[in-house]
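Scroll down for the structure; my scribbles are underneath it.
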Amino acid sequence: LPLAGAVNYEVRHRRLNREPVRSGTLRGTFDKDKAHSRDEVPCEGALFVGTGAGLFRLHGDIADGPRGALERVGEVERVQALASTTHGLFVGTAGEHLHLWQGGRWRRLWGPRFVWAMEVEGDTVWLATADGLRRYEGARRVRTAAERTLPEALPVRDLRAVRRVGESLIVGSWGGGVHRWDGDRWVAAPEAGERVQAMAVRGGEVFVGTPE
C-alpha cells in the first residue's frame, strides 16, 4: 500500500479557552476539556496560540497552574495553523493569507487566502492551502516539481493536511483523498477516503482523520 496503517484518527490535546478578544491582554483559565484553539507552538522561548480570535503569546507556564496571561500579537484573526522555524513563526489563516512573525516584526507573505496546515522540515515549511501545495524556505517561496505536478494527480486543489515521512511528502485533500510524492510522481491511497481533515505521523505510520 502507498501508506502503511492509514486509519481514521481523532486528535485530542490541551487547548485554551477562546474568548472574543480584539486587543490588549487576555487573562483566562486553561481548560483541557474546552477545546477552541486552532494550533499552538513554541517560538522565541514562548508558547504561541492561534485561535479564531487571533494570535496570542502565552506568558508563564501552564503546567504551573490553571491561570496564565495571553498577549495579543499582530492584527490577524482566524488563525488556522502555526509553524516555528529559525526564520520566525509562520502564521496560516482562514481568509487572511500567510504571515511571518520575526522577533516582534510582522510581515505578510500573501499567497493563498486559506492556509489549513503546515509541516516544518529544517528551515523549509510546506503549506496545505485551499489553492494547493506551497513551499517556503525562509520568507521565500520555492516552486517544486511536487507542487507543479499535483494538479495533474488530484481532482481538487483544496489541501487540508501535509506531512513529511522519510523521503516522502504526503498530502490530504478535501474531495481528492490522500496522495504521496515519491520524488518523481504522485501515488494515490484511495483506502484513506476522499475527504481528509487532518493527518498525523507516528512510528513511520500515517494516521488520517476524515468526517467518516
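The figures follow:
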{"quantity": "One residue from A130, A117 being under 18 Å from Q197 (Cβ atoms), surrounded by fewer than 18 Cβ atoms within 10 Å (Cβ to Cβ) and touching a strand residue (DSSP E or B) at 6+ places or on another chain (Cβ under 7 Å)", "calculated": "A130"}
{"quantity": "Some residue of region 132-142 being within 19 Å of D184 (Cα to Cα), free of Cβ contacts under 8 Å to residues at least 60 places away in the same chain, assigned to a strand (DSSP E or B) and not basic (K, R)", "calculated": "yes"}
{"quantity": "Flag if V91 is in a strand (DSSP E or B), closer than 16 Å to R160 by Cα and without any contact (Cβ under 8 Å) to a residue 40 or more places away in the chain", "calculated": "no"}
{"quantity": "Residue list for region 170-202, restricted to those being under 17 Å from T129 (Cα atoms) and basic (K, R)", "calculated": "R180, R195"}
{"quantity": "Residues satisfying the stated conditions in region 159-212, i.e. in a helix (DSSP H, G or I) and surrounded by 15 or more Cβ atoms within 10 Å (Cβ to Cβ)", "calculated": "A192"}
{"quantity": "Scope region 53-76; condition at pLDDT 60 or above, open to solvent by 50 Å² or more (accessible area, probe 1.4 Å) and assigned to a loop (DSSP other than H, G, I, E, B); matching residues", "calculated": "G60, D61, E75"}
{"quantity": "Checking W110 against (1) open to solvent by 30 Å² or more (accessible area, probe 1.4 Å); (2) modelled with pLDDT of 90 or more; (3) of a type in the set (A, V, I, L, M, F, W, C), the condition it does not meet", "calculated": "(2)"}
{"quantity": "All positions within region 145-158 that are open to solvent by less than 40 Å² (accessible area, probe 1.4 Å) and assigned to a loop (DSSP other than H, G, I, E, B)", "calculated": "L154, D158"}
{"quantity": "Identity of the residue in region 77-93, among the β-branched types (V, I, T) and open to solvent by less than 40 Å² (accessible area, probe 1.4 Å), that ends up nearest to L55 (Cα to Cα)", "calculated": "V79"}
{"quantity": "Flag for E121 being of a type in the set (D, E, K, R) and over 30 Å from E71 (Cβ atoms)", "calculated": "no"}
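The values are calculated or read from the model by the stated rules, or taken from the named source; none is laboratory data. This structure is a prediction, so every number in the text was calculated from the model and none was measured. Glycine also receives a Cβ, built like all others from the backbone with ideal geometry; neighbour counts cover every protein chain displayed. Only protein heavy atoms, including side chains, enter the accessible area calculation; ligands, DNA and RNA are left aside. Shrake-Rupley method; radii C 1.70, N 1.55, O 1.52, S 1.80 Å.
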